[in-house]
Amino acid sequence: MSVARIWRENRSRYNLIGNTCTVCGQTFFPMRTVCPKCHRESIGKMEEKPLSGMGSIYSFSVVHSAPESFQTVKPYVMGIIEMDEGVKLTAQIVDADLEAIAIGDRVKAVFRRVREIDSEGVIQYGYKFIRLNGEETG
Ligand SMILES: [Zn+2]
């Protein structure tokens, strides 16, 4: 896969761009071409919706048996994040203290290196989440 193609296919993921059905107001991420609720009514009425990157931890689990590409960071935490726009997504939660992570914690998306494609030396980037602890430190 070419670098250009990777970037093209991941544009909305890298930038956390979802879309909203302007008929019923529901937001989706990743984007959908048609709203599953409004079907034909939503055709041509889906608008791009950049997500704020802010959300709360809906659930999470500590992963101890890591796949090869995560060897350097295990154990790590995978969470389901409920974004402020109402969509849920799965991503890694980065925290120095894994024991402190709790359901309901406020988190924000950060842009990080996620893995390397060794055959071509292409490094992929994507979002992870960090906890705010009630206070945004930037
Ligand atoms: Zn809809």
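The values are calculated or read from the model by the stated rules, or taken from the named source; none is laboratory data. Just so it is clear, the model here is predicted, and its values are computed rather than measured. Cβ: placed from backbone, ideal geometry, glycine included. Neighbour counts: every protein chain shown.
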*Considering only the stretch 64-84, state which residues are outside any loop (DSSP other than H, G, I, E, B) and modelled with pLDDT under 85.*
68, 69, 70, 71, 72, 73, 76
*Could you list all residues from the stretch 85-114 that are small (Gly, Ala, Ser) and either in contact with an Asp or Glu (Cβ under 6 Å, 6 or more places away or on another chain) or part of a loop (DSSP other than H, G, I, E, B) (or both)?*
86, 96, 102, 104
*On the given criteria, is residue 31 of a type outside the set (S, T, N, Q), within 15 Å of the ligand (Cβ to nearest atom) and surrounded by 15 or more Cβ atoms within 10 Å (Cβ to Cβ)?*
yes
*Please state which one of 42, 2, 59, 12 is away from the ligand (no atom under 12 Å from the Cβ) and at pLDDT 95 or above.*
59
_Contact list please: Cβ distance under 9 Å, first residue in the stretch 15-37 and closer than 12 Å to residue 52 by Cα and aliphatic (A, V, I, L, M), second residue in a strand (DSSP E or B) and more than 9 Å from the ligand (Cβ to nearest atom), pairs at least six apart or on different chains._
16/50; 16/83; 16/89; 16/109; 16/127; 17/48; 17/49; 17/50
